[in-house]
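*Asks:* Right, I'll just put the structure down here and ask away after.
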């Protein structure tokens with residue numbers, strides 16, 4: 001085989017692998033979803049013998065079967081082995097050979113978790129071994145119990161196991177061989193999944209009981225730990241494209257898998273197209289300004305008129321005049337002037353016709369605008385995916401927490417069809433998980449506590465997504481007890497985040513914001529679910545990295561609301577362009593409240609800060625010079641002259657406003673955001689760079705950071 | 001995009017000694033060399049947008065075919081005195097640790113091939129701050145070329161000004 005075919009087959013494998021990762025994630029997502037439905041149904045039924053929806057079981061069987069096929073094709077034996085078992089369980093269930101019990105569902109959940117972990121391992125090409133022996137053993141015993149799998153002799157069962165799961169043979173001698181010596185029933189009882197009470201003690205007990213048998217070093221952790229074990233891996237596994245919320249297949253839309261990188265490139269090109277369009281518009285304006293004005297045309301006309309009059313005046317030949325010679329000279333000059341004027345006139349008309357050309361150009365630019373706008377929008381849409389699948393992933397999170405903490409929590413999902421940039425969806429998974437866990441773990445009270453304060457025992461967490469203006473808002477709302485302000489204060493002092501005096505003067509809202517400080521966590525104890533992993537400061541910085549913002553509101557006793565606000569897209573932003581000290585800056589239109597011109601004499605100082613009243617509201621004025629530290633050498637000779645009555649752009653972040661003094665307003669533009677981090681690193685106060693129509697670069701101001709700086713006076717001069 | 005790059009092969013090809021190609025440039029009175037593999041292109045100095053909260057030697061940002069890249073003023077980086085741009089001043093666009101950046105140099109002189117036996121370690125006299133930025137000296141017929149480790153020069157942000165090298 002020569003090198004050429006080797007690469008092409010490698011490429012083919014890579015593509016196959018990519019398809020596998022996508023599809024397996026989709027299948028597992030679906031499986032998870034359907035298991036939740038099944039779980040709900042099993043919980044809700046009155047009669048344990050009630051028959052389950054056959055179609056649901058069929059669908060799950062098919063999902064497992066498809067996954068088995070996919071994995072088998074690529075030789076992922078561990079996945080094939082486990083899915084084979086899962087498939088058998090569903091097969092038995094739909095043939096009524098197996099009754100659907102909560103332990104069976106739990107087992108299936110564990111199996112799906114393991115499968116997700118395995119897929120994640122393949123995705124990250126890590127060699128980590130996913131330990132699925134307990135699950136395999138559990139399933140085996142379940143099937144044996146129902147008689148669907150040969151209840152062979154003990155040794156036979158073990159052999160059977162090895163044959164089925166040859167891939168696991170290396171690490172297999174842990175659970176099943178031990179148990180294979182016992183009879184199938186005790187095995188089921190000893191199995192942690194089957195019996196929670198024995199779960200914690202199982203590993204050690206078993207070792208003692210069957211010390212005679214095989215080496216026991218690879219005893220799996222007990223199953224109660226496993227959700228926590230596998231959860232960190234699972235968010236990555238999700239790449240499902242269609243809203244999994246619908247149970248039955250929606251209308252078939254023809255789709256094509258496209259590399260995200262290609263879309264990124266396309267997006268970049270679309271951005272450049274927008275830049276070019278802006279440039280054309282500028283050129284058009286320049287041409288327009290270069291053509292004759294109405295005034296010019298008029299004065300030319302007047303000039304021709306008066307010259308004609310002069311000709312009339314001097315034109316009549318008067319023989320009698322003595323100064324004939326003089327008049328002749330004048331006449332000749334006038335005629336000459338007239339002919340020159342005619343030439344000028346034609347020239348003028350020619351120039352005027354450029355105006356018509358300008359109109360044409362203007363039309364062309366307009367068309368270009370439409371096309372580039374269309375391309376930009378289409379490319380953007382292509383990157384958009386509904387938020388539904390991301391949201392429904394939290395059903396599982398909430399279910400697990402409510403089980404383990406014996407709470408009753410309902411997850412309400414709204415706005416699942418709201419679309420978000422794919423990258424944002426990916427980046428949001430972790431912060432959202434954190435918020436939902438926080439709400440479920442700390443927010444919602446136990447059923448008894450809820451009943452005590454007159455709330456329904458069933459707590460509600462709502463995930464909502466909707467458009468507001470030019471941004472997308474995602475809210476996580478719970479009707480729990482809200483955040484404990486007293487506790488936050490104590491904690492802030494304890495952690496040395498804030499002095500007692502400073503806390504005294506804080507409003508409740510400000511106190512609440514302490515939770516975003518690095519090193520803060522209100523968790524009373526570290527539980528399985530929250531209080532570990534990332535803190536709220538990381539949640540915040542993750543969202544800010546997406547140019548978004550996050551707010552928290554809390555009403556004691558009534559619950560808390562996390563509000564995440566994200567820009568519609570990260571690639572293009574409408575901005576106001578301003579000139580400050582000979583530099584051009586772009587301010588996101590989103591943050592601009594209004595533009596005012598203030599009178600120099602109206603500016604007063606409050607605590608040394610320049611302040612002005614705009615319609616009765618005090619507003620502090622800042623110079624960019626005060627907020628930014630410019631390198632010394634660049635500064636010299638920069639600050640141009642300032643108007644006595646400067647223009648002020650009022651910018652806002654949440655509920656704080658400041659007035660930024662600018663030298664000149666240049667207008668509004670669609671701005672393609674280029675990250676500084678790509679080739680340099682991020683700069684505080686600047687959220688990116690923009691290439692202007694003329695090819696120069698302007699900086700895009702990070703309004704949030706600017707206001708922060710100005711209010712904290714952190715600026716170092 | 002005019003460059004003043006000329007090819008001159010200085011190595012001894014017949015001896016088959018391992019050799020590498022360098023881009024030579026001038027800064028103040030001295031000549032430096034960077035491995036050609038690091039250099040992406042050489043461009044004229046255009047308008048540079050200044051950037052706040054950056055060290056002195058970051059001159060600003062430029063637009064390189066729709067990519068925004070930072071520009072380092074090597075004179076400032078080495079603590080040399082300021083000099084206005086001349087006709088010879090160039091920006092060398094280099095790739096450093098996966099990032100693309102531009103460095104301003106007084107002039108780009110040539111591309112030359114040197115064999116490894118022409119490269120000597122830096123003399124002990126330049127021990128100290130400057131030393132870690134040079135990987136060696138290249139002995140040419142009647143002059144010396146300072147080999148710069150461009151990765152290190154740009155990697156350290158905190159060093160605002162550094163004593164002149166050599």
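*Asks:* Within the range A:92-115, does at least one residue satisfy the condition of being free of Cβ contacts under 8 Å to residues at least 40 places away in the same chain and assigned to a helix (DSSP H, G or I)?
*Replies:* Taking every residue of the range A:92-115 in turn, at least one turns out to be free of Cβ contacts under 8 Å to residues at least 40 places away in the same chain and assigned to a helix (DSSP H, G or I).
*Asks:* While we're on this one: Sort out which residues of the range B:43-52 are facing chain A (nearest Cβ under 7 Å) and either within 20 Å of the chain's Cα centre (by Cα) or touching a residue at least 12 places away in the same chain (Cβ under 8 Å) (or both), and write them in order of number. So that I can check it myself, show each step before the final result.
*Replies:* Initial filter on the range B:43-52 (facing chain A (nearest Cβ under 7 Å)): B:47, B:49-52.
B:47, B:49, B:51 - these are the residues of the range B:43-52 that are facing chain A (nearest Cβ under 7 Å) and either within 20 Å of the chain's Cα centre (by Cα) or touching a residue at least 12 places away in the same chain (Cβ under 8 Å) (or both).
*Asks:* Looking at A:634, A:670, can you tell me which residue is at pLDDT below 80, surrounded by 16 or more Cβ atoms within 10 Å (Cβ to Cβ) and away from chain B (no Cβ under 14 Å)?
*Replies:* Exactly one of A:634, A:670 is at pLDDT below 80, surrounded by 16 or more Cβ atoms within 10 Å (Cβ to Cβ) and away from chain B (no Cβ under 14 Å), namely A:670.
*Asks:* Is it the case that residue B:111 is over 20 Å from residue B:75 (Cα atoms), modelled with pLDDT of 85 or more and in contact with a helix residue (DSSP H, G or I) (Cβ under 7 Å, 6 or more places away or on another chain)? Full working, then the answer.
*Replies:* Working: over 20 Å from residue B:75 (Cα atoms): yes; modelled with pLDDT of 85 or more: yes; in contact with a helix residue (DSSP H, G or I) (Cβ under 7 Å, 6 or more places away or on another chain): yes.
So residue B:111 fits the description; yes.
*Asks:* Take the range A:676-698 and flag every residue that is under 26 Å from residue A:280 (Cβ atoms), surrounded by fewer than 16 Cβ atoms within 10 Å (Cβ to Cβ) and more than 7 Å from chain B (Cβ to nearest Cβ). Let's see the steps before the verdict.
*Replies:* Here is the first cut: in the range A:676-698, the residues under 26 Å from residue A:280 (Cβ atoms) are A:688-698.
Now restrict to residues that are surrounded by fewer than 16 Cβ atoms within 10 Å (Cβ to Cβ): A:694-695.
A:694, the sole residue that qualifies.
*Asks:* To continue, here is another question. What do you reckon, is residue A:17 closer than 24 Å to residue A:255 by Cα, within 31 Å of the chain's Cα centre (by Cα), modelled with pLDDT of 85 or more and in a helix (DSSP H, G or I)?
*Replies:* Values: closer than 24 Å to residue A:255 by Cα: yes; within 31 Å of the chain's Cα centre (by Cα): yes; modelled with pLDDT of 85 or more: no; in a helix (DSSP H, G or I): yes.
Answer is no for this residue.
*Asks:* For the range A:572-590, which residues satisfy the criterion of being within 14 Å of chain B (Cβ to nearest Cβ) and out of contact with any strand residue (DSSP E or B) (no Cβ under 6 Å at 6 or more places or on another chain)?
*Replies:* Just the residues of the range A:572-590 that are within 14 Å of chain B (Cβ to nearest Cβ), to begin with: A:572, A:577, A:579-586.
Those that are within 14 Å of chain B (Cβ to nearest Cβ) and out of contact with any strand residue (DSSP E or B) (no Cβ under 6 Å at 6 or more places or on another chain): A:581, A:582, A:583.
*Asks:* I'm checking my understanding of the structure. Among residues of the range B:53-77 that are out of contact with any strand residue (DSSP E or B) (no Cβ under 7 Å at 6 or more places or on another chain) and crowded, with 20+ Cβ neighbours inside 10 Å, which one is nearest to the other protein chains (Cβ to nearest Cβ)?
*Replies:* Restricting to residues being out of contact with any strand residue (DSSP E or B) (no Cβ under 7 Å at 6 or more places or on another chain) and crowded, with 20+ Cβ neighbours inside 10 Å, the top hit is B:76.
*Asks:* Pairs please, first residue from the range A:407-431 and at positive phi, second anywhere and assigned to a strand (DSSP E or B) and crowded, with 22+ Cβ neighbours inside 10 Å, Cβ atoms under 7 Å, 6+ apart in sequence or on different chains.
*Replies:* A:415/A:465
*Asks:* Kindly check whether there is at least one residue in the range B:103-119 that is touching a strand residue (DSSP E or B) at 6+ places or on another chain (Cβ under 8 Å), without any contact (Cβ under 8 Å) to a residue 60 or more places away in the chain and away from every other protein chain (no Cβ under 14 Å).
*Replies:* Yes, that holds for at least one residue.
*Asks:* Surrounded by fewer than 18 Cβ atoms within 10 Å (Cβ to Cβ), away from chain B (no Cβ under 14 Å) and in a strand (DSSP E or B): does that describe residue A:593?
*Replies:* On the way: surrounded by fewer than 18 Cβ atoms within 10 Å (Cβ to Cβ): yes; away from chain B (no Cβ under 14 Å): yes; in a strand (DSSP E or B): yes.
Yes: the conditions hold for residue A:593.
*Asks:* I would also like to ask the following. Of the conditions (1) within 13 Å of another protein chain (Cβ to nearest Cβ); (2) modelled with pLDDT of 85 or more; (3) not in a strand (DSSP E or B), residue B:37 clears all except one; give me its number.
*Replies:* Failed condition: (1).
The values are calculated or read from the model by the stated rules, or taken from the named source; none is laboratory data. What you see is a predicted model; the values in this text were computed from it and never measured. Note: ideal-geometry Cβ built from the backbone for every residue, glycine included; neighbour counts use all protein chains shown.
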